[in-house]
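Colleague: Before anything else, here's the structure in question.
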Amino acid sequence: MLTESTIAIVKSTAPILEEHGEALTRHFYRRMFEKNPEVAPFFNSANQAAGAQQKALAAAICAYAANIDNLTVLGGAVELIAQKHASLQIKPEHYPIVGSNLLASIREVLGEGATDEVIAAWGEAYGFLADIFIGREQQIYHEHRDMPHGWEGFKTFRVVRKEPENDVITSFYLEPADGSGVPAFKPGQYITVRVPSPCGHTTMRNYSLSDKPGQPWFRISVKRELAIEASKPDGFASNYLHQAVQVGAHLEVGPPCGEFILDPSEHHTRPLVLLSGGIGITPIMSILLSALEQTPERQVVFIHGSLNAGTHAFKGTLDALAKAHRNLVVRYRYNDATEEELTADQRLSLGFIDAELIESLVPDRDGDYYFCGPQPFMAGIYHQLLAWGMPPAQTHFEFFGPRQELEKPRLNRCPV
């Protein structure tokens with residue numbers, strides 16, 4: 001356990017770290033990549049360039065400092081990070097690299113405020129947290145290795161099918177190259193794909209599994225990420241998959257990870273409400289397909305938001321599911337739709353996913369909500385559920401980015 005003096009010092013430095021958080025984490029990443037370039041493949045260069053990883057780390061450090069005397073409140077965050085670490089194959093030997101660079105960065109950025117006493121306290125606090133992560137990650141690795149058809153590390157899979165889902169999303173069906181079976185996974189989880197990078201190393205990306213468990217394949221549905229600005233590069237990994245990877249190609253794949261899941265053992269009488277925006281449909285599709293198979297009697301409400309028909313993935317599949325399952329209600333919202341499209345499809349309406357639309361399908365608001373999509377969409381849904389007083393146990397989401405971005409006040413709408 002941490003000493004009382006360490007807890008007191010770390011808590012006292014929380015406001016200082018909050019003030020200098022992003023400057024500290026920017027310095028930390030620059031320093032670590034310079035001193036220890038071997039860890040660079042574990043990090044998404046696009047997120048580095050956009051500042052997302054720096055913000056996320058700053059938020060995590062501040063949360064740890066503020067709650068170091070009551071770490072139980074961080075249990076969910078610990079599991080999320082441990083799953084992410086396991087997906088990237090973070091091992092015990094990596095923690096000293098991070099720790100030494102973090103402590104050096106605290107000293108270099110805070111200057112006189114980073115006394116020997118402060119550095120010693122943060123060293124103890126970091127070591128304590130590292131031990132928590134190492135222990136949980138070892139459990140995850142053992143689970144991966146011991147499950148039927150499981151493995152630890154990366155395994156070679158072959159692309160057996162490649163299918164466009166819309167103008168920008170393509171599904172890849174992956175089967176083990178050695179002819180073995182595919183392990184079970186929980187609906188909502190993701191796998192890690194490792195591909196060669198332009199610098200001669202490798203880079204890793206997490207992609208949600210978009211099909212239900214029990215198939216002879218893993219299916220990932222990847223959006224081709226184009227640069228928002230002319231001066232920025234296109235997303236490397238997604239464009240590599242779209243352009244260079246064809247049927248018959250081999251990919252290195254890590255075991256399924258993630259804590260955004262539908263637990264098939266839970267049976268509730270309240271509706272299952274699935275909300276997605278854009279590429280956020282991928283884990284939601286896995287959850288939907290699994291729910292219809294495992295709890296066919298349960299009412300399911302599925303709402304998907306998209307820019308237009310060209311960016312709407314899985315529409316044919318969803319229309320067919322709605323016809324086959326009387327307990328499934330499907331609705332679509334486009335930011336841009338023609339009069340002909342609106343007239344032809346009674347499930348389609350114009351605008352954003354908002355409280356009025358959700359309440360029209362779930363009048364008493366009581367349901368188990370799962371949602372995933374772009375940050376503005378996520379923030380809108382998150383704040384609407386907060387305003388309704390929805391219990392945390394009934395609210396589940398997958399959000400890639402700093403939690404503060406989700407918690408910023410938003411208008412009562414959910415753009416995609």
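Colleague: The conditions are (1) under 14 Å from residue 307 (Cβ atoms); (2) part of a strand (DSSP E or B), and residue 336 fails exactly one of them. Which is it?
Modeller: Tallying (1) under 14 Å from residue 307 (Cβ atoms); (2) part of a strand (DSSP E or B), residue 336 fails exactly one: (2).
Colleague: Are there helices (runs of 4 or more DSSP H) fully within segment 1-110 with at least 2 residues that are farther than 26 Å from residue 261 by Cα and outside the structural domain of residue 201 (by TED's automatic domain parsing)? List them. Spell out how you get there, then give the answer.
Modeller: Working: elements: 4-35, 45-50, 52-66, 75-87, 95-110.
Qualifying helices (runs of 4 or more DSSP H): 4-35, 45-50, 52-66, 95-110.
Colleague: Go through the residues of segment 104-122 one by one and say whether even a single one is surrounded by 17 or more Cβ atoms within 10 Å (Cβ to Cβ), out of contact with any Cys (no Cβ under 6 Å at 6 or more places or on another chain) and hydroxyl-bearing (Ser, Thr, Tyr).
Modeller: Yes, the conditions are met somewhere in segment 104-122.
Colleague: Please go through (1) of a type in the set (Phe, Trp, Tyr); (2) touching a residue at least 60 places away in the same chain (Cβ under 8 Å); (3) farther than 21 Å from residue 258 by Cβ for residue 185 and return the number of the only condition it doesn't satisfy.
Modeller: In the conditions (1) of a type in the set (Phe, Trp, Tyr); (2) touching a residue at least 60 places away in the same chain (Cβ under 8 Å); (3) farther than 21 Å from residue 258 by Cβ, residue 185 misses (3) alone.
Colleague: Out of the residues in segment 76-103 meeting the condition of being of a type in the set (Gly, Ala, Ser) and buried (at least 18 other Cβ atoms within 10 Å of the Cβ), tell me which one is nearest to residue 13 (Cα to Cα).
Modeller: Within segment 76-103, the first condition is being of a type in the set (Gly, Ala, Ser), and the residues that meet it are 76-77, 82, 86-87, 99-100.
Right, trim to buried (at least 18 other Cβ atoms within 10 Å of the Cβ) and you get 82, 86-87.
Details: 82: 25, 86: 30, 87: 32 Å.
Only one residue fits best here, namely 82.
Colleague: Something else: Filter segment 283-340 down to the residues that are among the basic types (Lys, Arg) and in contact with a helix residue (DSSP H, G or I) (Cβ under 9 Å, 6 or more places away or on another chain) and list them by number. Please lay out each step first, then the result.
Modeller: Quick first cut of segment 283-340, residues among the basic types (Lys, Arg) only: 298, 315, 323, 326, 331, 333.
Answer for segment 283-340, where residues must be among the basic types (Lys, Arg) and in contact with a helix residue (DSSP H, G or I) (Cβ under 9 Å, 6 or more places away or on another chain): 298, 315, 331, 333.
Colleague: Sticking with this structure for a sec: So in segment 287-310, with the set limited to residues that are within 18 Å of residue 378 (Cβ to Cβ) and in contact with a Lys or Arg (Cβ under 7 Å, 6 or more places away or on another chain), which one is surrounded by the most Cβ atoms within 10 Å (Cβ to Cβ)?
Modeller: 305
Colleague: With 324, 309, 313, 344 as the choices, which residue is within 19 Å of residue 371 (Cα to Cα) and either assigned by TED's automatic domain parsing to the domain that holds residue 277 or under 27 Å from the mean Cα position of the chain (by Cα) (or both)?
Modeller: Working: 324 fails: within 19 Å of residue 371 (Cα to Cα); 309 fails: within 19 Å of residue 371 (Cα to Cα); 344 fails: within 19 Å of residue 371 (Cα to Cα).
After applying the criteria, what remains is 313.
Colleague: Quick one: residue 282 ticks every box in (1) farther than 21 Å from residue 312 by Cβ; (2) surrounded by 16 or more Cβ atoms within 10 Å (Cβ to Cβ) bar one, so which box is it?
Modeller: (1)
Colleague: Looking at residue 301, is it assigned by TED's automatic domain parsing to the domain that holds residue 169 and of a type in the set (A, V, I, L, M, F, W, C)? Working first, answer last.
Modeller: On the way: assigned by TED's automatic domain parsing to the domain that holds residue 169: no; of a type in the set (A, V, I, L, M, F, W, C): yes.
For residue 301, the condition - assigned by TED's automatic domain parsing to the domain that holds residue 169 and of a type in the set (A, V, I, L, M, F, W, C) - is not met.
Colleague: Considering (1) crowded, with 17+ Cβ neighbours inside 10 Å; (2) modelled with pLDDT of 95 or more, say which one residue 142 fails and leave the rest.
Modeller: Of the numbered conditions (1) crowded, with 17+ Cβ neighbours inside 10 Å; (2) modelled with pLDDT of 95 or more, the odd one out for residue 142 is (1).
Colleague: Let me ask something else. If you take the residues in segment 306-333 that are assigned to a loop (DSSP other than H, G, I, E, B) and polar (S, T, N, Q), which one is nearest to residue 163 (Cα to Cα)? Spell out how you get there, then give the answer.
Modeller: Going residue by residue through segment 306-333, those that are assigned to a loop (DSSP other than H, G, I, E, B) are 307-308, 312-314, 325-327.
Remaining after also requiring polar (S, T, N, Q): 308, 327.
Values: 308: 20, 327: 28 Å.
The extreme case among them is 308.
Colleague: Here's a follow-up. For segment 182-190, indicate whether the set of residues that are crowded, with 23+ Cβ neighbours inside 10 Å and at positive phi is non-empty.
Modeller: yes
Colleague: So, one more: Kindly list the number of the only condition in (1) in a helix (DSSP H, G or I); (2) surrounded by fewer than 16 Cβ atoms within 10 Å (Cβ to Cβ) that fails for residue 364.
Modeller: Looking at each condition in turn, residue 364 falls short on (1).
Colleague: Of the conditions (1) of a type outside the set (S, T, N, Q); (2) surrounded by fewer than 18 Cβ atoms within 10 Å (Cβ to Cβ); (3) more than 23 Å from residue 308 (Cβ to Cβ), residue 237 clears all except one; give me its number.
Modeller: Condition not satisfied by residue 237: (2).
Colleague: A further question on this structure: Please pick out the residue among 66, 58 that is under 15 Å from residue 12 (Cα atoms) and either surrounded by fewer than 14 Cβ atoms within 10 Å (Cβ to Cβ) or in contact (Cβ under 8 Å) with a residue 24 or more places away in the chain (or both). Outline the logic, then answer.
Modeller: On the way: 58 fails: under 15 Å from residue 12 (Cα atoms).
Going through 66, 58 in turn, the sole match is 66.
Colleague: Here's another thing I want to ask about it. What about residue 202, is it buried (at least 20 other Cβ atoms within 10 Å of the Cβ) and not small (Gly, Ala, Ser)? Full working, then the answer.
Modeller: Details: buried (at least 20 other Cβ atoms within 10 Å of the Cβ): no; not small (Gly, Ala, Ser): yes.
No: the conditions fail for residue 202.
The values are calculated or read from the model by the stated rules, or taken from the named source; none is laboratory data. Here the structure is a predicted model, which is why all the values come from computation and not from measurement. When we count neighbours, we look across all protein chains shown, and the Cβ atoms used for this are built from the backbone with ideal geometry, even at glycine.
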